Amino acid sequence: METFCVFLLLAVGSTLTSPVQDSKDSLMYPYGPNQGDMENPKEDDGTSPEITLTEPFAFYGKQYHSLYVNNNGVVSFGVNVSQYTPDPFPLDGGSPFVAPFWGDVDTRIAGKVYWRQTRDQAVLRRCTADINQYFPEVPFVAVWALIATWDHVAFFRSASKKVNTFQAVLTTDGNIAFIMLNYADIQWTTGPASGGDPKTGLGGIPAQAGFDSGDKIHYYNIPSSRTADVVNIGGTTNVGVPGRWVFQVDEFVAAVTTESIDCLL
Ligand SMILES: *[C@@H]1O[C@H](CO)[C@@H](O)[C@H](O)[C@H]1NC(C)=O
């Protein structure tokens, strides 16, 4: 409840005092060098090294012990990702993806990609409170989280000032696992190599958001993915908090989730 109330307060305040998008900063978990984040190399289509997880993460019946944080807006298990034009889920390749915003990011132009694993008590308390609020029927106390943040990232061959800020939070109690996707500010959807307009970052084949377990059965495309409307993903949600999507991913419960999404949208 706490986060939701804070969000509402900030949203109300922002209509009086500041641009609306500022209110979305409250969605983001703390990130950046001050938080001890690692930073990916500033590259086009770059990735993190293989990150060995200090707590295994369950994703649809499989335990993963490492992952990659890829500049192009994907957290992947098993393989790193340099593909810049997104495909809809399920993918042919069978690699599990958590895709907050899969598109043609280029951090040589602007922005940074950060990540860290954490057992910081304040962060874990926030994970626990958020998940308990959205999934009151699931007993959950977070013991670990991975926070991956794309901070003011530009697109490949951008001829604009447009940047996107979004985040993926993975959290587990050692057994049950959740992913949370936070959209603070989405200004572009497509790089020119995917058919987009270099001046607007729109058009072509826009970004894809959602997740894919890699088994061809358990996957979810957030509505508006790979359409022009995905630029407005920050106004959509499946948990009553615009700009936030949360899924339990240790086993498939999206049949229920999908119904509630349909009701909300
Ligand atoms: C990404 O995968 C490619 C192909 O498997 C490999 O050559 C490259 O070293 C990997 N990059 C990182 C950062 O692990």
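The values are calculated or read from the model by the stated rules, or taken from the named source; none is laboratory data. Model, not experiment: these values are computed from the prediction. Every residue, glycine among them, receives a Cβ derived from its backbone with ideal geometry; neighbour counts consider all protein chains shown. Note: areas computed on protein heavy atoms with side chains; ligands, DNA, RNA excluded. Shrake-Rupley method; radii C 1.70, N 1.55, O 1.52, S 1.80 Å.
Looking for something modelled with pLDDT of 95 or more, under 19 Å from Thr54 (Cβ atoms) and of a type in the set (Gly, Ala, Ser) - is there at least one such residue anywhere in the range 182-199? No, the range 182-199 contains no residue that is modelled with pLDDT of 95 or more, under 19 Å from Thr54 (Cβ atoms) and of a type in the set (Gly, Ala, Ser). Each residue in the range 67-107 was checked for being within 16 Å of the ligand (Cβ to nearest atom), surrounded by fewer than 24 Cβ atoms within 10 Å (Cβ to Cβ) and aromatic (Phe, Trp, Tyr), and 3 of them qualify. For the range 46-66, filtered to residues that are part of a strand (DSSP E or B) and among the aromatic types (Phe, Trp, Tyr), the residue that is nearest to the ligand (Cβ to nearest atom) is Tyr64. Within the range 44-55, how many residues turn out to be farther than 28 Å from Phe155 by Cβ and open to solvent by less than 40 Å² (accessible area, probe 1.4 Å)? Count: 2. Of everything in the range 97-122 that is aliphatic (A, V, I, L, M) and more than 17 Å from the chain's Cα centre (by Cα), the residue that is farthest from Asn80 (Cα to Cα) is Ala122. Among the residues making up the range 211-237, those that are surrounded by fewer than 22 Cβ atoms within 10 Å (Cβ to Cβ), in contact with a Phe, Trp or Tyr (Cβ under 6 Å, 6 or more places away or on another chain) and not in a loop (DSSP other than H, G, I, E, B) are Tyr219, Asn221. Only strands (runs of 3 or more DSSP E) whose full extent lies in the range 108-209 are considered here, and the ones with at least 2 residues that are of a type in the set (A, V, I, L, M) and open to solvent by less than 30 Å² (accessible area, probe 1.4 Å) are 144-153, 164-172, 177-185. Looking across Asp37, Asp25, Asp44, one residue alone is modelled with pLDDT of 95 or more and acidic (Asp, Glu). It is Asp37.
Inspect all residues belonging to the range 250-265 and state whether any of them is at pLDDT 95 or above and open to solvent by less than 10 Å² (accessible area, probe 1.4 Å). So far as the range 250-265 goes, no, none of its residues is at pLDDT 95 or above and open to solvent by less than 10 Å² (accessible area, probe 1.4 Å).
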